1. Select from the range 134-170 the residues that are free of Cβ contacts under 8 Å to residues at least 12 places away in the same chain and among the β-branched types (V, I, T) and list them in ascending order.
2. Among strands (runs of 3 or more DSSP E) lying entirely in the range 125-219, which contain 1 or more residues that are of a type in the set (S, T, Y)?
3. Looking only at the range 57-74, count every residue that is within 13 Å of ligand 1 (Cβ to nearest atom) and not basic (K, R) and tell me the total.
4. Taking the options G37, G99, G31, name whichever one is within 14 Å of ligand 1 (Cβ to nearest atom) and either loosely packed, with under 14 Cβ neighbours inside 10 Å or farther than 29 Å from G233 by Cα (or both).
5. Restricting to the range 230-239, name every residue that is touching a residue at least 24 places away in the same chain (Cβ under 8 Å) and surrounded by fewer than 14 Cβ atoms within 10 Å (Cβ to Cβ).
6. Determine whether F219 is within 16 Å of ligand 2 (Cβ to nearest atom) and open to solvent by less than 40 Å² (accessible area, probe 1.4 Å).
7. Within 16 Å of ligand 2 (Cβ to nearest atom), farther than 30 Å from R9 by Cβ, at pLDDT 95 or above and open to solvent by less than 30 Å² (accessible area, probe 1.4 Å) - does that describe any residue in the range 168-185?
8. Could you tell me whether S197 is closer than 18 Å to I105 by Cβ and open to solvent by less than 60 Å² (accessible area, probe 1.4 Å)?
Amino acid sequence: MPLLDKIERNRLPAHIAIIMDGNGRWAKKRGMERSEGHKEGVNAIKKVVEAALKASVQYLTLYAFSTENWGRPTEEVQQLMDLMIYAISRETPDLKKNGVKICCIGDMDRLPKYAATAMEECIQETAQGTGLTLVLALSYSSKWELVAAARKITADVVKGVLQEGDINEETFASYLTTCDIPDPDLLIRTGGEQRISNFLLWQLAYAEFYFTDTFWPDFGENDLYAAIIDYQGRERRYGKTSDQIERVQ
Ligand code: IPE
Ligand code: IPE
Ligand code: MG
(Lines give C-alpha, C1' and ligand atoms only; values in the text may rest on other atoms or scores of the structure.)
(Ligands and ions follow the chains in the order given, each with its own letter.)
Protein backbone atom coordinates (compact mmCIF):
# COMPACT_ATOMS: atom_id res chain seq x y z
CA MET A 1 0.00 0.00 0.00
CA PRO A 2 1.46 3.44 -0.89
CA LEU A 3 2.48 5.43 2.21
CA LEU A 4 0.00 8.18 1.32
CA ASP A 5 -2.86 5.71 1.81
CA LYS A 6 -1.58 4.78 5.27
CA ILE A 7 -2.17 8.33 6.52
CA GLU A 8 -5.32 8.72 8.61
CA ARG A 9 -7.05 11.67 7.02
CA ASN A 10 -9.03 12.63 10.11
CA ARG A 11 -5.85 12.94 12.24
CA LEU A 12 -3.62 15.00 9.99
CA PRO A 13 -1.20 17.49 11.50
CA ALA A 14 -2.78 20.77 10.43
CA HIS A 15 0.59 22.49 10.46
CA ILE A 16 3.96 20.95 9.65
CA ALA A 17 7.16 22.98 10.11
CA ILE A 18 10.44 21.84 8.57
CA ILE A 19 14.04 22.77 9.30
CA MET A 20 15.52 21.95 5.90
CA ASP A 21 19.09 21.06 6.85
CA GLY A 22 21.95 19.20 5.19
CA ASN A 23 22.34 20.80 1.76
CA GLY A 24 26.04 21.49 2.28
CA ARG A 25 26.86 18.00 3.55
CA TRP A 26 24.82 16.45 0.73
CA ALA A 27 27.07 18.28 -1.76
CA LYS A 28 30.30 17.59 0.13
CA LYS A 29 29.59 13.85 0.16
CA ARG A 30 29.49 14.01 -3.65
CA GLY A 31 32.59 16.20 -3.98
CA MET A 32 30.44 19.12 -5.15
CA GLU A 33 30.23 22.79 -4.15
CA ARG A 34 27.78 23.70 -1.37
CA SER A 35 25.80 25.74 -3.92
CA GLU A 36 24.98 22.48 -5.76
CA GLY A 37 23.43 21.22 -2.54
CA HIS A 38 21.32 24.35 -2.26
CA LYS A 39 20.13 23.88 -5.88
CA GLU A 40 19.03 20.33 -5.10
CA GLY A 41 17.47 21.65 -1.91
CA VAL A 42 15.21 23.92 -3.93
CA ASN A 43 14.08 20.92 -6.00
CA ALA A 44 13.26 19.09 -2.76
CA ILE A 45 11.04 22.02 -1.72
CA LYS A 46 8.96 21.57 -4.86
CA LYS A 47 8.53 17.82 -4.18
CA VAL A 48 7.57 18.35 -0.56
CA VAL A 49 5.08 21.13 -1.34
CA GLU A 50 3.40 18.83 -3.88
CA ALA A 51 3.33 16.00 -1.31
CA ALA A 52 1.80 18.28 1.32
CA LEU A 53 -0.89 19.29 -1.17
CA LYS A 54 -1.65 15.62 -1.93
CA ALA A 55 -1.93 14.83 1.78
CA SER A 56 -4.21 17.88 2.34
CA VAL A 57 -1.92 19.48 4.91
CA GLN A 58 -3.24 22.98 5.66
CA TYR A 59 -0.05 24.79 6.74
CA LEU A 60 3.56 24.08 5.81
CA THR A 61 6.31 26.28 7.24
CA LEU A 62 9.79 25.98 5.76
CA TYR A 63 12.87 27.38 7.52
CA ALA A 64 14.69 28.67 4.46
CA PHE A 65 17.17 31.20 5.88
CA SER A 66 17.86 32.10 9.48
CA THR A 67 19.06 35.36 10.99
CA GLU A 68 22.29 33.51 11.82
CA ASN A 69 22.68 32.43 8.18
CA TRP A 70 23.50 36.09 7.33
CA GLY A 71 26.86 35.28 8.92
CA ARG A 72 27.79 32.77 6.17
CA PRO A 73 30.31 33.74 3.46
CA THR A 74 28.90 36.58 1.31
CA GLU A 75 29.04 34.44 -1.82
CA GLU A 76 26.93 31.67 -0.26
CA VAL A 77 24.37 34.17 1.06
CA GLN A 78 24.11 35.70 -2.42
CA GLN A 79 23.72 32.28 -4.07
CA LEU A 80 21.02 31.26 -1.59
CA MET A 81 19.06 34.50 -2.09
CA ASP A 82 19.26 34.24 -5.87
CA LEU A 83 18.23 30.58 -5.87
CA MET A 84 15.26 31.14 -3.57
CA ILE A 85 14.00 34.25 -5.31
CA TYR A 86 14.40 32.72 -8.77
CA ALA A 87 12.52 29.59 -7.66
CA ILE A 88 9.74 31.54 -5.98
CA SER A 89 9.17 33.71 -9.06
CA ARG A 90 9.30 30.69 -11.39
CA GLU A 91 6.89 28.64 -9.29
CA THR A 92 4.33 31.37 -8.51
CA PRO A 93 1.95 30.54 -11.42
CA ASP A 94 1.86 26.84 -10.49
CA LEU A 95 1.49 27.56 -6.80
CA LYS A 96 -1.41 29.88 -7.60
CA LYS A 97 -3.03 27.26 -9.83
CA ASN A 98 -2.79 24.72 -7.00
CA GLY A 99 -4.45 27.03 -4.47
CA VAL A 100 -1.26 27.64 -2.47
CA LYS A 101 -1.08 30.85 -0.47
CA ILE A 102 2.44 32.12 0.24
CA CYS A 103 3.27 33.95 3.46
CA CYS A 104 6.60 35.11 4.73
CA ILE A 105 7.86 35.40 8.29
CA GLY A 106 11.16 37.04 9.12
CA ASP A 107 12.98 40.33 9.03
CA MET A 108 12.19 41.42 5.47
CA ASP A 109 14.03 44.72 6.05
CA ARG A 110 17.32 42.82 5.87
CA LEU A 111 16.57 41.30 2.46
CA PRO A 112 18.11 42.94 -0.62
CA LYS A 113 15.51 45.13 -2.35
CA TYR A 114 15.07 42.82 -5.37
CA ALA A 115 14.42 39.86 -3.08
CA ALA A 116 11.89 41.70 -0.91
CA THR A 117 10.06 42.94 -4.02
CA ALA A 118 9.90 39.47 -5.58
CA MET A 119 8.59 38.00 -2.32
CA GLU A 120 5.97 40.72 -2.03
CA GLU A 121 4.81 40.04 -5.60
CA CYS A 122 4.46 36.34 -4.90
CA ILE A 123 2.55 37.00 -1.67
CA GLN A 124 0.12 39.28 -3.51
CA GLU A 125 -0.29 36.93 -6.48
CA THR A 126 -1.19 33.97 -4.26
CA ALA A 127 -3.18 35.86 -1.61
CA GLN A 128 -6.49 34.28 -2.69
CA GLY A 129 -5.23 30.69 -2.25
CA THR A 130 -7.47 28.60 -0.02
CA GLY A 131 -5.61 25.28 -0.13
CA LEU A 132 -2.18 24.96 1.44
CA THR A 133 -0.68 27.97 3.23
CA LEU A 134 3.06 27.87 2.58
CA VAL A 135 4.95 29.93 5.14
CA LEU A 136 8.54 30.78 4.26
CA ALA A 137 10.76 31.66 7.21
CA LEU A 138 13.28 33.96 5.55
CA SER A 139 15.76 36.01 7.55
CA TYR A 140 13.91 34.59 10.52
CA SER A 141 14.92 33.80 14.05
CA SER A 142 12.73 33.26 17.04
CA LYS A 143 14.68 35.54 19.36
CA TRP A 144 14.41 38.35 16.79
CA GLU A 145 10.66 37.75 16.59
CA LEU A 146 10.17 37.67 20.38
CA VAL A 147 12.14 40.89 20.90
CA ALA A 148 10.16 42.58 18.09
CA ALA A 149 6.90 41.46 19.76
CA ALA A 150 8.05 42.81 23.15
CA ARG A 151 8.83 46.16 21.50
CA LYS A 152 5.43 46.36 19.76
CA ILE A 153 3.61 45.45 22.97
CA THR A 154 5.52 48.09 24.93
CA ALA A 155 4.75 50.72 22.28
CA ASP A 156 1.03 49.85 22.42
CA VAL A 157 0.98 50.01 26.21
CA VAL A 158 2.69 53.42 26.09
CA LYS A 159 0.13 54.61 23.50
CA GLY A 160 -2.67 53.29 25.69
CA VAL A 161 -3.92 50.95 22.94
CA LEU A 162 -3.19 47.96 25.18
CA GLN A 163 -3.54 47.66 28.95
CA GLU A 164 -0.80 45.83 30.87
CA GLY A 165 -3.45 43.60 32.46
CA ASP A 166 -4.66 42.49 29.03
CA ILE A 167 -1.34 40.91 28.11
CA ASN A 168 -1.90 37.17 28.19
CA GLU A 169 -0.77 34.23 26.02
CA GLU A 170 -3.36 35.01 23.37
CA THR A 171 -2.57 38.72 23.08
CA PHE A 172 1.16 37.97 23.16
CA ALA A 173 0.78 35.48 20.27
CA SER A 174 -1.11 38.11 18.28
CA TYR A 175 2.09 40.24 18.23
CA LEU A 176 4.16 37.47 16.65
CA THR A 177 4.75 37.17 12.90
CA THR A 178 2.72 33.94 13.01
CA CYS A 179 -0.40 35.66 14.40
CA ASP A 180 -2.72 34.25 11.70
CA ILE A 181 -1.22 30.76 11.73
CA PRO A 182 -1.94 27.92 14.18
CA ASP A 183 1.04 26.50 16.08
CA PRO A 184 2.85 23.63 14.33
CA ASP A 185 1.71 20.14 15.28
CA LEU A 186 4.78 18.47 13.82
CA LEU A 187 8.35 19.72 13.46
CA ILE A 188 10.65 17.86 11.10
CA ARG A 189 14.40 18.44 10.98
CA THR A 190 16.44 16.78 8.27
CA GLY A 191 20.24 16.41 8.17
CA GLY A 192 20.82 14.56 11.43
CA GLU A 193 21.14 17.44 13.92
CA GLN A 194 18.77 17.44 16.88
CA ARG A 195 18.31 21.12 17.66
CA ILE A 196 15.88 23.86 16.72
CA SER A 197 18.37 26.56 15.74
CA ASN A 198 16.33 29.58 16.86
CA PHE A 199 13.16 28.45 15.08
CA LEU A 200 9.63 29.12 16.39
CA LEU A 201 10.55 28.80 20.09
CA TRP A 202 7.13 30.00 21.26
CA GLN A 203 5.06 28.25 18.61
CA LEU A 204 6.71 24.84 19.04
CA ALA A 205 5.71 24.64 22.74
CA TYR A 206 3.62 21.50 22.14
CA ALA A 207 4.78 20.30 18.72
CA GLU A 208 5.86 16.70 18.13
CA PHE A 209 9.50 16.53 16.97
CA TYR A 210 10.72 14.24 14.20
CA PHE A 211 14.42 14.05 13.37
CA THR A 212 15.82 12.25 10.35
CA ASP A 213 19.39 11.74 9.15
CA THR A 214 18.28 12.21 5.53
CA PHE A 215 19.87 15.31 4.02
CA TRP A 216 17.31 17.83 2.79
CA PRO A 217 18.02 17.34 -0.98
CA ASP A 218 17.17 13.63 -0.57
CA PHE A 219 13.96 14.28 1.38
CA GLY A 220 10.91 13.53 -0.74
CA GLU A 221 7.24 12.69 -0.82
CA ASN A 222 7.49 9.39 1.05
CA ASP A 223 9.76 10.88 3.72
CA LEU A 224 7.08 13.46 4.46
CA TYR A 225 4.42 10.77 4.63
CA ALA A 226 6.62 8.62 6.91
CA ALA A 227 6.95 11.59 9.29
CA ILE A 228 3.16 12.13 9.28
CA ILE A 229 2.54 8.43 9.98
CA ASP A 230 5.05 8.54 12.86
CA TYR A 231 3.27 11.62 14.23
CA GLN A 232 -0.05 9.80 14.07
CA GLY A 233 1.37 7.10 16.34
CA ARG A 234 2.08 9.61 19.12
CA GLU A 235 -0.17 10.47 22.03
CA ARG A 236 -0.37 14.23 22.59
CA ARG A 237 -1.15 14.65 26.26
CA TYR A 238 -0.66 18.38 26.83
CA GLY A 239 0.30 17.73 30.44
CA LYS A 240 -2.64 15.45 31.13
CA THR A 241 -2.57 11.71 31.84
CA SER A 242 -3.03 9.03 29.22
CA ASP A 243 -6.36 7.99 30.85
CA GLN A 244 -7.74 11.49 30.57
CA ILE A 245 -6.83 11.65 26.88
CA GLU A 246 -8.44 8.27 26.13
CA ARG A 247 -11.68 9.31 27.85
CA VAL A 248 -12.01 12.35 25.56
CA GLN A 249 -11.47 10.29 22.37
C1 IPE B 1 20.39 24.03 4.96
O2 IPE B 1 21.54 23.34 4.63
C3 IPE B 1 20.19 25.28 4.15
C4 IPE B 1 20.34 26.52 4.92
C5 IPE B 1 20.68 26.63 6.18
C6 IPE B 1 20.07 27.75 4.22
P7 IPE B 1 22.98 23.78 5.15
O8 IPE B 1 23.53 24.77 4.20
O9 IPE B 1 22.92 24.21 6.57
O10 IPE B 1 23.74 22.41 5.03
P11 IPE B 1 24.76 21.76 6.05
O12 IPE B 1 24.09 21.72 7.39
O13 IPE B 1 25.98 22.62 6.05
O14 IPE B 1 25.00 20.39 5.51
C1 IPE C 1 19.03 25.99 10.36
O2 IPE C 1 20.09 25.35 9.73
C3 IPE C 1 18.50 27.08 9.49
C4 IPE C 1 17.83 26.67 8.27
C5 IPE C 1 17.57 25.45 7.90
C6 IPE C 1 17.42 27.75 7.42
P7 IPE C 1 21.61 25.72 10.07
O8 IPE C 1 22.44 24.76 9.34
O9 IPE C 1 21.85 27.16 9.83
O10 IPE C 1 21.64 25.46 11.64
P11 IPE C 1 22.85 25.10 12.61
O12 IPE C 1 23.91 26.12 12.38
O13 IPE C 1 23.29 23.73 12.27
O14 IPE C 1 22.25 25.15 13.98
MG1 MG D 1 23.08 23.21 8.33
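The values are calculated or read from the model by the stated rules, or taken from the named source; none is laboratory data. Fair warning: this is a prediction, and the values are worked out from it, not measured in the lab. Virtual Cβ from ideal backbone geometry, glycine too; neighbours counted across all protein chains shown. Surface accessibility is based on the protein's heavy atoms, side chains included, excluding ligands, DNA and RNA. Shrake-Rupley method; radii C 1.70, N 1.55, O 1.52, S 1.80 Å.
1. V147, T154, V157, V158, V161 - these are the residues of the range 134-170 that are free of Cβ contacts under 8 Å to residues at least 12 places away in the same chain and among the β-branched types (V, I, T).
2. Counting at least 1 such residues, we get 133-140, 208-211.
3. Number satisfying all stated conditions: 11.
4. From the options G37, G99, G31, the qualifying one is G37.
5. Scanning the range 230-239 gives R234, R236, Y238.
6. Numbers: within 16 Å of ligand 2 (Cβ to nearest atom): yes; open to solvent by less than 40 Å² (accessible area, probe 1.4 Å): yes.
When the stated conditions are applied, F219 passes them.
7. No: zero hits.
8. yes
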